[in-house]
Amino acid sequence: CGFHLRGPQPLPFKSIHLGVSAYSESGANLRRQIAANGGTKIVDSPAEAEVSLVILQDVKEKIILSLNTDGRVREYELRDRIVFKVVDRGGREVIPATEVATKREMTFNDALVLAKEQEEAQYYREMENDLIQRVLRRMAAAPWPLPELPATQSAPTR
Amino acid sequence: AEPAGYSISAFRAALGQAAVAVTVRQPKPPAAPKEHTATVVTADKIEGQQDVRVDASGRVVVERDSTRLDADRVQYDLLSDEAVATGDVVLKRGADTIRGPRLRYRVEEQVGEFDTPTYEIVRKRPARVSKQAISAGVTRPADVTVHGHGQAESIALEGENRYHLKNATFTTCEANDPAWYVKAKELDLDFDRNVGDATHGTFHFGGIPVMYAPAAPFPLSGERRSGLLAPTIGISNVTGLDVTLPYYLNLAPNYDDTVVPRYIARRGVQLNNEFRYLNPGYVGSLRTEYLARDEVYGESRSAVSFIHDQQFGRGFTGRINYNAVSDKDYFTDLSSRVTQTSTDNLMREASLSYNAGSWFSGSVLTQRIQSLTGSPQYNRLPVMTGLAYLPEVGGFSLKMPMEAANFHRADSDQGWRTYVYPQIAYNFVRPGGYITPKIGVHATRYALEDRVSSGPLDESRVLPIGSVDAGLFFERDSHIGHRDVVQTLEPRLYYLKVPYRNQNSLPVFDSAPMDFGFAQIFSENLYAGQDRYANASQVTGSVTSRLLNAENGEELLRTAFGVRMYFEDQKVTLPGETARTEQLADLLGAFSGRVLPNTTLDLFAQYNPRDTRMERGTVGLRYQPGFAKVASASYRYQRLSYTDVDLALQWPVVNNFYVVGRVNGDIRTDKLTQAIAGLEYNGGCWVFRLAAESLLNTSGAYTNAYYFQFEFGGAISIGNSPVSLLERSVVGYGRISQPVSDPVFGSQ
């Protein structure tokens with residue numbers, strides 16, 4: 001059927017600074033995967049890195065999705081939206097501001113506020129992991145090195 | 001005539017840094033010396049006295065910086081720098097244009113006076129997009145260009161960005177016969193401070209004066225400014241006629257206040273206030289609402305909401321969130337917003353958190369909950385949490401969440417619960433897959449002060465928990481049409497072992513069964529909270545397949561299946577809950593992606609193979625071919641409780657009329673929970689909106705609210721805007737006009 005086990009797919013950069021905390025679950029996963037694919041050194045400071053991943057926005061929202069027949073919230077839609085970009089040391093955009101977003105539906109019950117609060121946190125952790133994986137795939141496909149165009153930005157289309 | 005290319009260089013000194021160059025167009029002029037601040041005069045014929053005056057006639061052009069003056073004749077006194085232009089005078093400053101028969105103008109100062117001109121002012125304003133529209137992936141509309149134009153008896157030019165108009169009209173309509181315009185005795189437009197002032201203004205609509213104001217300050221470009229904001233007028237069945245007259249106080253750049261007297265025909269006069277502040281280290285708002293005597297309810301009613309966020313530095317942050325209402329029917333009686341009418345619990349909490357991006361993070365929270373249902377929640381006075389996490393220690397990761405909480409509620413089990421859960425995992429990660437074995441010990445201790453359920457005051461529970469998580473990544477190259485794609489196949493297996501401990505005598509503070517879905521099947525417990533930990537010996541398997549755009553890695557489609565096998569029966573339950581006995585859990589399936597151009601489809605199914613029936617299912621379809629053009633339908637089924645249908649639409653129908661609406665309800669009980677019907681008309685430079693909403697509230701009755709609104713050129717709003725309601729309810733809703741400048745309560 002044409003499927004084959006994925007071989008090493010290193011990022012096109014020699015070194016990268018990740019604007020995601022190493023002490024978050026998603027940040028730790030991201031670092032592990034970059035390390036496993038090899039070829040790219042993760043450095044602590046943007047000045048030392050060939051490129052930097054910058055998280056411009058990380059917006060978590062909770063929207064009422066439906067009400068039950070008592071007029072109370074029955075389901076929430078949880079949304080997570082990350083806007084990121086990848087820039088080189090000179091500030092040129094390797095990947096321009098790009099949005100990845102996901103959503104989940106969570107049932108709700110006003111009588112179980114504390115339990116639902118913890119379940120919500122679990123949903124958001126899972127969503128964040130999902131989005132960071134998508135950011136990684138975007139980075140793996142980044143055009144690098146950038147063509148040498150003096151004074152203009154060569155921004156690939158989204 | 002002077003010779004071509006005559007340059008009055010002597011006037012450089014007289015005009016400071018400026019230079020004046022005069023060029024006669026006949027014969028063909030040489031390139032004029034174009035210095036940055038040079039004044040250049042070009043004309044068919046130029047006469048004058050060197051160093052004193054220039055008298056140019058015939059297609060005269062005077063240029064300086066971004067200003068250009070065209071006229072039949074210009075008499076330019078170089079000593080006073082004053083030019084008098086007559087004939088067909090056109091002055092262009094940046095994107096602004098003023099035309100008229102006569103202009104007196106001091107070129108360098110950009111000060112002057114125009115007689116009986118017509119004018120056009122163009123300013124750019126960033127388009128406002130709702131958060132929902134962004135989340136829904138709606139393309140952001142381009143920045144808005146506001147074209148304001150009109151005529152006046154005179155226009156005084158007061159510097160680069162200020163105009164003073166006498167007996168002027170103003171409209172943003174493009175037509176010569178505008179649908180609306182403002183006529184004012186005096187009109188001040190200050191684009192440096194972004195404020196406007198009109199005195200003795202009348203608002204004309206369809207040629208008829210409909211409003212008069214002796215003095216009307218208004219913000220340009222959405223800037224804040226103290227003064228009356230546009231009143232809102234609404235109607236609902238709980239309030240009757242509902243009129244607010246907000247007064248905005250721009251106290252300082254970093255704080256402001258809005259006083260909102262509100263007349264509620266059925267109930268009385270309410271006084272609302274919102275104070276906001278914004279500083280580098282802290283930000284917050286205080287909202288209060290007070291109704292001295294509710295004529296239906298018979299007593300005074302009030303609400304308060306205070307939110308404060310503080311950055312202490314070094315990773316420490318603080319937050320206060322305090323909400324209270326005077327009585328449980330407050331929202332259902334006085335509000336028609338679903339976020340309020342559906343509210344049962346109001347939080348009152350204060351917290352101090354530490355997260356400096358290091359191996360330890362933690363928080364202290366004290367939380368009370370005002371319950372509006374009469375069934376109170378547990379308060380946590382306080383709860384302290386900590387997380388120690390070392391993600392990478394030679395391939396291992398070490399993690400230890402901990403929490404100590406004091407649960408309080410009258411006539412309930414009360415007291416402290418403490419737990420700590422040290423865990424160690426080994427991360428074996430390769431490009432083609434990973435395997436993560438993990439073990440941990442979850443230890444909990446209860447030290448109760450009060451007990452109403454049966455059992456001892458002091459209890460403890462220690463659980464070793466082990467799991468192995470493993471996955472593989474397969475790929476293949478493919479294409480859809482001409483697009484190169486990568487298809488992935490990602491099988492994952494997860495084994496979990498939790499031994500049985502009898503937990504029947506443990507109190508229940510914060511535990512409840514979780515949803516059953518892809519986010520939960522890989523979790524260690526089927527309960528949220530810490531009071532119950534289900535015994536487990538189970539394998540979960542899933543397969544995910546994604547379609548990625550090969551060019552940029554974007555995820556286009558995703559399909560997933562999940563299955564779980566139990567090797568032992570469930571023995572741990574919550575009070576009143578029936579234990580599971582089956583060996584095969586419900587099967588899960590999900591799909592999401594763009595299936596056709598402009599069309600997204602989301603599917604979820606929880607299928608019960610033992611009884612061959614669907615337990616839970618969702619179908620969501622959205623078609624969005626353009627801005628303000630969206631239709632969506634979703635169907636959510638839960639076998640034991642509901643069958644929910646949700647339809648939403650915004651669609652242009654005919655001649656700039658748009659229909660907009662939403663219907664949401666339970667078809668099993670035939671009960672509507674929310675219905676919105678609206679009509680919008682875009683008259684080019686004005687918009688009319690009409691909307692009705694029916695919303696089921698927590699008192700079991702419907703709140704019916706009616707909205708109508710005229711919006712003129714993004715500058716003036718009359719009525720009660722349904723826009724935030726529509727943005728909230730219709731995913732993908734596009735605002736067909738430009739936003740009204742509203743510095744407060746902008747996002748409801």
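Taken residue by residue and averaged, Cβ atoms of other chains lying within 10 Å of the Cβ of B:602-614 number 0.
I need the Debye-formula profile for the stretch B:248-404: one equal scatterer per C-alpha, no solvent, reported as log10 I(q)/I(0) at q = 0.09 1/Å, two decimals. Computed log10 I(q)/I(0) values: -0.45. Distant-in-sequence amide contacts of B:LEU229, defined by a placed amide H-H separation under 5 Å and a gap of 5 or more residues or a different chain, comprise B:TYR247, B:TYR248. For the residue pairs A:LYS60/B:LYS438; A:LYS60/B:LYS399; B:LYS45/B:LYS92; A:LYS116/B:LYS629; A:LYS14/A:LYS103; A:LYS41/A:LYS62, the C-alpha atoms sit more than 31 angstrom apart in A:LYS116/B:LYS629; A:LYS14/A:LYS103; A:LYS41/A:LYS62. If you take all C-alpha pairs in chain A, what percent of them are over 23 Å apart? Here the tail beyond 23 Å accounts for 48 percent of pairs. Taking a Cβ cut-off of under 13 Å around B:THR366, the surrounding Lys, Arg, Asp and Glu residues balance to a net charge of +3, with basic ones at +1 and acidic ones at -1. Volume of the convex hull of the protein assembly as shown (Cα atoms only), normalised per residue: 207 Å³. For peptide B:516-525, the mean count of partner chain Cβ atoms within 10 Å of a residue's Cβ comes to 3. Evaluating 6.51 cos²θ - 1.76 cosθ + 1.60 at θ = phi - 60° for every residue in the stretch B:164-174, the Karplus couplings come out as 10, 10, 10, 6, 10, 10, 9, 8, 9, 5, 8 Hz, glycine and proline recorded as x. The relative contact order of the stretch A:1-49, computed from alpha carbon pairs under 8 Å that lie at least 6 residues apart in sequence, is 48 percent. Compared with the dominant Cα axis of chain A, that is its longest principal axis, helix A:113-140 is turned about 20°.
Rounded to the nearest 10 square angstrom, B:PHE306 shows an accessible area of 60 square angstrom against a 1.4 Å probe. With only Cα atoms counted, the stretch B:359-500 has Rg and Dmax values of 22.2, 70 Å. If you take the Cα centroid of the stretch B:225-290 and the Cα centroid of the stretch B:367-385, the two points sit 29 Å apart.
In this structure the amide hydrogen of B:GLN570, modeled in the peptide plane, comes within under 5 Å of the amide hydrogens of B:ARG580, none closer than 5 places in sequence on its chain.
Considering only Cα atoms, the convex hull volume of chain B works out to 237 Å³ per residue. For the stretch B:643-656, the Karplus equation 6.51 cos²θ - 1.76 cosθ + 1.60, evaluated at θ = phi - 60°, returns couplings of 9, 9, 10, 9, 10, 9, 7, 9, 8, x, 9, 8, 6, 6 Hz by residue, with Gly and Pro reported as x. The ellipsoid equivalent to the alpha-carbon distribution of the stretch B:319-410 has semi-axes of 36, 15, 11 angstrom, derived from the gyration tensor eigenvalues as √(5λ) and listed largest first. A:ARG31 contributes an accessible area of around 60 Å² to the protein surface, as traced by a 1.4 Å probe with all chains present. Take each residue in B:48-54, count the other chain C-beta atoms within 10 Å of its C-beta, and the mean is 0. Defining a contact as two alpha carbons under 8 Å apart and six or more residues distant in sequence, what relative contact order in percent does chain B show? 6 percent. Considering only B:LEU726, B:GLY415, B:PHE474, and ranking their Cα positions along the charge dipole of chain B that arises from unit charges at the beta-carbon of Lys, Arg, Asp and Glu, the one farthest toward the positive end is B:PHE474. Thinking of the stretch B:519-601 as a set of Cα atoms, what percent of all their pairs are more than 17 Å apart? Above the 17 Å cut-off, the stretch B:519-601 has 60 percent of its Cα pairs.
Taking amide H positions as modeled 1.01 Å from N, with prolines and chain starts lacking one, the residues under 5 Å from B:VAL111 and 5 or more places away or on another chain are B:ARG106, B:GLY159.
Largest first, what is the accessible-area ranking of B:VAL730, B:VAL243 with a 1.4 Å probe?
Ranked from most to least accessible, the order is B:VAL243, B:VAL730.
Along the stretch B:50-55 the Karplus relation, 6.51 cos²θ - 1.76 cosθ + 1.60 evaluated at θ = phi - 60°, assigns HN-Hα couplings of 4, 6, 10, 8, 10, 10 Hz to successive residues, with x for each Gly and Pro. Taking every DSSP helix (H) stretch of at least 4 residues in the protein assembly as shown, weighting each as -39,500 (n - 2.57) and dividing the sum by the residue count yields a mean residue ellipticity at 222 nm of -2000 deg cm²/dmol. Put simply, the convex hull of the Cα atoms in the stretch B:442-516 casts, on average, a shadow of 8.5 nm². What angle do you read, to the nearest 10 degrees and between 0 and 90, between the alpha-carbon axis of helix A:25-37 and the longest principal axis of chain A? Tilt of helix A:25-37: around 30 degrees.
The values are calculated or read from the model by the stated rules, or taken from the named source; none is laboratory data. The structure displayed is predicted, hence computed values, not measured ones. When we count neighbours, we look across all protein chains shown, and the Cβ atoms used for this are built from the backbone with ideal geometry, even at glycine. Side chains are part of the model used for accessible areas, which takes the heavy atoms of the whole protein and leaves out ligands, DNA and RNA. Shrake-Rupley method; radii C 1.70, N 1.55, O 1.52, S 1.80 Å.
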